[in-house]
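Shown next, in structure tokens, is the structure this report addresses.
The values are calculated or read from the model by the stated rules, or taken from the named source; none is laboratory data. A quick note: this is a predicted structure, and the numbers were derived from the prediction, not measured. Ideal geometry is used to build each Cβ from the backbone, glycine not excepted, and the neighbour counts take in all protein chains shown. These area figures cover heavy atoms from the full protein model, side chains too; ligands, DNA and RNA do not enter into them. Shrake-Rupley method; radii C 1.70, N 1.55, O 1.52, S 1.80 Å.
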Amino acid sequence: MIMAGQKVTPCKHVTMAVSISQVTFEHHRQALGIAETKPRISWRFAGNASEWEQSAYELEVRRGSDGDSHTYSQDSPESVLVPWPEDPLSATEQASVRARAHGGADQASTPWSDWVTVETGLLGSDDWSGAVPIAADNETERDKPKRPTLFRKAFDVESEIASARLYITALGLYEAEINGNRVGDQVLSPGWQSYNNRHVYDTYDVTDLVKDGDNAIGVTVGEGWYVGRIGFDYSRNVWGDTLGVLALLKVTLQDGSSVQVKTDLSWQASSSPILTSDIYDGEQYDSRVEAGVDGWSTPSFDASDWISVKELDPPKGELIPLDGEPIRKTEEISAKEILKSASNKTLVDFGQNLVGWLHVTVEGPAGTNVTFHHAEVLVDGELALGPLRTARQADSIILHGNGVQSWEPRFTYHGFRFVQVDGWPEETELTLDSLKAIVVHSDMEQTGWLETSNELLNQFHANVRWSMKGNFLSVPTDCPQRDERLGWTGDAHAFGPTANYLYNTAGFWRGWHRDVWSEMQRNGSMIPPEYIPMVPTDGASNPTAVWGDVAVGNPWNLYQAFGDLVMLEEQYPQAQAWIDTGIPRNDAGLWNRSSFQFGDWLDPKSPPADPGQATTASHLVADAYLVRMTQILSEAALTLGDDTLSEKYLSQHADLRTQFQDSWLNSTGEFENRTQTAYALAISFNLFPTPEKRASAGEILRTIIADNDYLVGTGFAGTPQLGFALRDLNATDDFYAMLLQTKVPSWLYQVVMNATTTWERWDSLLPDGTTNDSGMTSFNHYAFGAVADWMHQVIGGLAPAAPGWKKIAIAPIPGGDITSAEAKFVSPYGEVSSRWEVADDGFHLEVSVPPNTRATVTLPNSDESTEVGSGSYEFHDPDYKMS
Ligand code: BGC
């Protein structure tokens with residue numbers, strides 16, 4: 001029922017369905033082996049019940065061998081991260097939980113949710129039952145890549161098994177097998193951390209792999225970040241120089257007793273068929289070695305020629321489970337085309353720039369050496385290897401000659417779309433089926449979508465997602481291909497809000513921010529190093545704005561996205577320490593003018609070889625961010641209930657704001673430095689003295705943009721803010737003109753140049769098809785994709801209006817030639833969506849709002865909002881015309 005003739009007409013679809021679609025613990029996608037003994041519980045709703053609000057909930061918890069359950073009832077509207085209702089769990093204890101929620105008067109209750117299990121891991125060193133890290137008992141060569149090692153141990157279980165768990169980590173990267181079967185589906189485990197602070201171990205349910213009788217466990221360990229080459233200066237052995245494994249297999253028998261198999265001196269070691277495996281350089285595999293280790297993780301294997309092991313020191317960092325998700329293989333991409341290069345090389349194109357490795361199916365004579373070089377782009381029809389700098393990104397396999405073999409590297413990863421194949425055996429044809437690309441990343445849940453009527457923009461959005469996937473690999477990295485791949489803080493800060501929409505990143509960031517804080521404290525400086533984990537481990541921490549500001553900005557963005565007060569409290573000390581003592585100041589309290597700054601890194605006019613020399617003064621950028629970060633600190637203190645602290649930072653903020661004006665605005669209240677970034681930051685961060693000055697600054701910004709033909713003029717610092725500054729000035733059309741621009745520099749220039757990921761530079765690929773030759777050119781960097789935050793909020797029209805999406809602001813603003821858009825976000829409460837269309841009869845909007853939330857809906861060109869509760873609604877403005 002749509003009533004015409006009225007300016008804004010909401011129409012409600014009335015239904016009563018409400019249910020619980022998911023119950024989770026803390027920020028775990030799967031709660032096996034977690035560290036929290038009182039894990040907070042959340043549930044998400046499904047169904048489009050109208051105006052449904054929770055008034056009470058019940059939790060039923062089942063634990064202990066008797067399987068007794070207790071039900072807890074609570075009058076509360078809270079459905080996100082509610083307290084654990086029972087005594088704390090002990091180490092390795094399992095409990096099952098289900099939830100149901102009751103609505104207000106006359107409103108339905110949900111049925112009980114499914115039962116969901118939670119299980120803690122090993123909580124302290126005693127729980128490891130004497131397991132010690134072990135290494136092969138041979139000499140370690142410090143300056144060479146180390147050959148991955150196999151570790152094994154045979155053991156008996158003489159009774160029926162009730163359950164079995166493997167707790168495991170490596171000094172390096174591991175893959176475990178039990179009785180010839182791979183344990184779990186994680187790859188590159190235990191991932192990358194600041195290992196001197198936090199050393200992740202993983203928990204696997206291996207009940208189905210252990211049997212009553214003879215058994216064996218085997219673990220392959222490769223270098224990874226811990227031992228291998230990482231960081232600048234060819235550093236290797238950053239955390240340790242010896243490959244090692246630490247594991248405890250706990251088998252619980254039907255009679256309640258248990259068998260424990262732990263790493264100790266009774267294990268044995270040997271060399272793996274993998275000859276070398278290096279994060280940057282790739283993996284070399286000799287399948288002829290397989291014959292000698294065939295069945296090495298089965299009990300009948302003869303290991304009499306294996307060498308003994310030695311004990312290593314315990315890991316320096318705390319052994320702790322992941323807060324977020326492990327890295328997994330998430331997709332398989334088929335080869336699209338086989339090409340011959342100008343120099344007659346065989347190239348395979350996967351049609352998508354991605355992060356992962358190849359799955360190879362091959363057959364050929366023994367000793368044939370097939371090599372695969374990986375690259376992101378072709379120049380003049382050949383692999384462009386220059387942008388990789390010293391990273392070799394090449395894998396090779398020596399064939400065993402005994403028929404068809406399938407192979408994947410295991411302890412490396414590559415950023416690539418193209419592969420050059422050398423040495424492929426003449427006996428078999430290389431076909432599109434011979435190679436598949438395996439995509440890997442931290443396996444976060446996808447939560448955000450956006451589609452519009454503009455195909456170029458859709459491709460851009462897909463590129464943003466691909467660059468996020470490729471760079472959310474245990475830590476937020478800058479790039480996945482060259483000899484860098486580091487956890488650059490500025491990139492993470494710029495992209496955070498976009499990431500938090502596209503995927504559920506809460507656990508991912510929570511773990512990384514533990515390392516941020518430890519790195520800040522490491523040398524007492526309270527300065528976040530430029531990349532985290534820092535390599536070398538004692539590397540200097542240089543204070544720089546935007547990058548260091550990740551300690552303030554990211555926790556606040558996380559709180560807006562996930563509404564987790566405990567996490568905000570956990571991260572507040574790092575925010576406060578950075579503002580209080582980390583930042584070097586001048587007498588005015590602003591940034592010390594002799595401090596180094598990355599500034600508005602990589603604005604399009606910065607010299608290719610000097611990306612920090614952007615058009616906006618770097619200390620202007622630094623000061624603008626400082627004022628805003630101080631304001632955030634005040635808001636965060638207030639949120640955490642510390643009014644005094646909040647007042648303190650509020651008054652600092654007011655002073656700094658004035659100092660900013662005195663330092664950077666001239667007597668007419670304008671910047672001498674007339675740039676997009678200067679105005680965007682000052683408008684977004686509310687740095688002008690009066691609303692009038694702000695409005696006139698807005699006109700100046702619009703002129704700067706028009707004079708620049710609607711081309712981008714911002715770098716890392718200005719890009720995330722520019723669109724919002726224009727929206728706040730009611731100048732969204734100007735930003736649409738920029739967003740839909742396809743000339744360089746612009747977001748869609750990359751798309752028309754066939755990009756399938758977002759680039760580091762506005763012109764990583766130059767209009768003539770050659771790569772920007774600056775020594776720093778990645779085709780998979782997420783920072784400029786930060787504009788997708790604006791796309792989600794303004795085109796999709798979805799944004800949180802209260803922390804964690806308890807309140808939702810739905811306010812799409814059409815523009816450019818876009819005639820329709822559709823956005824969906826899986827919020828902590830359930831799915832929120834919007835779909836709009838501009839037609840001959842005006843503007844149509846359909847929204848759906850999840851149970852237990854409320855939303856304000858604002859139509860374009862309207863000053864009024866309609867507040868609605870949960871449910872599905874249609875709005876129609878017959879007077880709306882496209883501009
Ligand atoms: C990285 C960046 C980073 C920058 C700062 C580059 O090498 O790739 O994205 O933020 O350095 O210097």
Any strands (runs of 3 or more DSSP E) falling wholly within region 167-214 and containing at least 1 residues that are of a type in the set (S, T, N, Q) and surrounded by fewer than 24 Cβ atoms within 10 Å (Cβ to Cβ): 202-205
Among (1) assigned to a loop (DSSP other than H, G, I, E, B); (2) open to solvent by 30 Å² or more (accessible area, probe 1.4 Å); (3) not polar (S, T, N, Q) - the single one G292 does not satisfy: (1)
Residue match in region 682-704 (condition: touching a residue at least 60 places away in the same chain (Cβ under 8 Å) and not aromatic (F, W, Y)): yes
Residues of region 98-118 classified as open to solvent by 10 Å² or more (accessible area, probe 1.4 Å) and more than 16 Å from Q54 (Cβ to Cβ), total: 4
Any hit, region 329-337, residues being open to solvent by 60 Å² or more (accessible area, probe 1.4 Å) and out of contact with any strand residue (DSSP E or B) (no Cβ under 6 Å at 6 or more places or on another chain): no
Yes/no for D587 being farther than 14 Å from P543 by Cβ, within 16 Å of the ligand (Cβ to nearest atom) and open to solvent by 20 Å² or more (accessible area, probe 1.4 Å): no
Spans of strands (runs of 3 or more DSSP E) in region 362-481 with at least 1 residues of a type in the set (D, E) and surrounded by fewer than 23 Cβ atoms within 10 Å (Cβ to Cβ): 414-422, 448-452
Filtered residues of region 798-825 (kept if within 16 Å of L81 (Cβ to Cβ) and of a type in the set (A, V, I, L, M)): A802
Filter result (loosely packed, with under 13 Cβ neighbours inside 10 Å and in contact (Cβ under 8 Å) with a residue 40 or more places away in the chain) within region 295-315: S300, D313
Residue list for region 641-654, restricted to those being of a type outside the set (K, R) and touching a Ser or Thr at 6+ places or on another chain (Cβ under 9 Å): L645, S646, E647, Y649, L650, S651, Q652, H653
Residue in region 516-528 that is farthest from the ligand (Cβ to nearest atom), counting only those that are on the phi < 0 side of the Ramachandran plot and either surrounded by fewer than 24 Cβ atoms within 10 Å (Cβ to Cβ) or part of a loop (DSSP other than H, G, I, E, B) (or both): Q521
Contacts under 6 angstrom Cβ, first residue in region 480-501 being closer than 25 Å to T412 by Cβ, partner within 8 Å of the ligand (Cβ to nearest atom) and open to solvent by 10 Å² or more (accessible area, probe 1.4 Å), 6 or more apart: L486/Y531; G487/Y531; W488/Y531
All positions within region 590-603 that are more than 15 Å from the ligand (Cβ to nearest atom), part of a loop (DSSP other than H, G, I, E, B) and either aromatic (F, W, Y) or surrounded by 20 or more Cβ atoms within 10 Å (Cβ to Cβ) (or both): L590
From Y625, Y679, residue being within 16 Å of the ligand (Cβ to nearest atom), assigned to a helix (DSSP H, G or I) and of a type in the set (S, T, Y): Y625
Residue in region 825-842 that is open to solvent by less than 10 Å² (accessible area, probe 1.4 Å), closer than 18 Å to Q446 by Cα and β-branched (V, I, T) present: yes
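For every residue, the table says whether it meets (1) farther than 19 Å from Q352 by Cβ; (2) at pLDDT below 95; (3) in contact with an Asp or Glu (Cβ under 6 Å, 6 or more places away or on another chain); (4) buried (at least 20 other Cβ atoms within 10 Å of the Cβ).
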position: D733; (1), (2), (3), (4): yes, no, no, no
position: W747; (1), (2), (3), (4): no, no, no, yes
position: V751; (1), (2), (3), (4): no, no, no, yes
position: A755; (1), (2), (3), (4): no, no, no, yes
position: W759; (1), (2), (3), (4): no, no, no, yes
position: L765; (1), (2), (3), (4): no, yes, no, yes
position: D768; (1), (2), (3), (4): yes, yes, no, no
Sole residue being part of a loop (DSSP other than H, G, I, E, B) and under 27 Å from the mean Cα position of the chain (by Cα), chosen from P767, P745: P745
Close pairs from region 586-599: first of a type in the set (A, V, I, L, M), partner within 16 Å of the ligand (Cβ to nearest atom), Cβ under 9 Å, at least 6 apart: L590/A622
Condition met for A31 (aliphatic (A, V, I, L, M) and at pLDDT 95 or above): yes
Selected residue (criterion: nearest to G172 (Cα to Cα)) from residues of region 88-108 that are in contact (Cβ under 8 Å) with a residue 60 or more places away in the chain and in contact with a strand residue (DSSP E or B) (Cβ under 7 Å, 6 or more places away or on another chain): T92
Tabulated pairs, region 773-788, first among the β-branched types (V, I, T), second open to solvent by less than 10 Å² (accessible area, probe 1.4 Å) and near the ligand (Cβ under 9 Å from one of its atoms), C-beta under 7 angstrom, 6+ apart or interchain: T777/E760
Candidates G511, G507, G548, G490 - the one that is within 16 Å of the ligand (Cβ to nearest atom), modelled with pLDDT of 95 or more and either hydrophobic (A, V, I, L, M, F, W, C) or part of a helix (DSSP H, G or I) (or both): G490
Top-ranked residue in region 628-645 [being small (G, A, S) and open to solvent by less than 10 Å² (accessible area, probe 1.4 Å); ranked as nearest to the chain's Cα centre (by Cα)]: A636
Pick from region 604-622, criterion of a type in the set (A, V, I, L, M, F, W, C) and within 16 Å of the ligand (Cβ to nearest atom), ranking: nearest to P543 (Cα to Cα): A622
Residue within region 554-577 that is within 16 Å of the ligand (Cβ to nearest atom), surrounded by 24 or more Cβ atoms within 10 Å (Cβ to Cβ) and modelled with pLDDT of 95 or more present: yes
Some residue of region 803-810 being part of a strand (DSSP E or B), without any contact (Cβ under 8 Å) to a residue 24 or more places away in the chain and surrounded by fewer than 24 Cβ atoms within 10 Å (Cβ to Cβ): no
Selection status of M738, away from the ligand (no atom under 16 Å from the Cβ), more than 20 Å from the chain's Cα centre (by Cα) and part of a helix (DSSP H, G or I): yes
Pairs, first aliphatic (A, V, I, L, M) in region 418-432, second in a loop (DSSP other than H, G, I, E, B) and surrounded by 14 or more Cβ atoms within 10 Å (Cβ to Cβ), C-beta under 6 Å, six or more apart: L430/W424; L432/A335
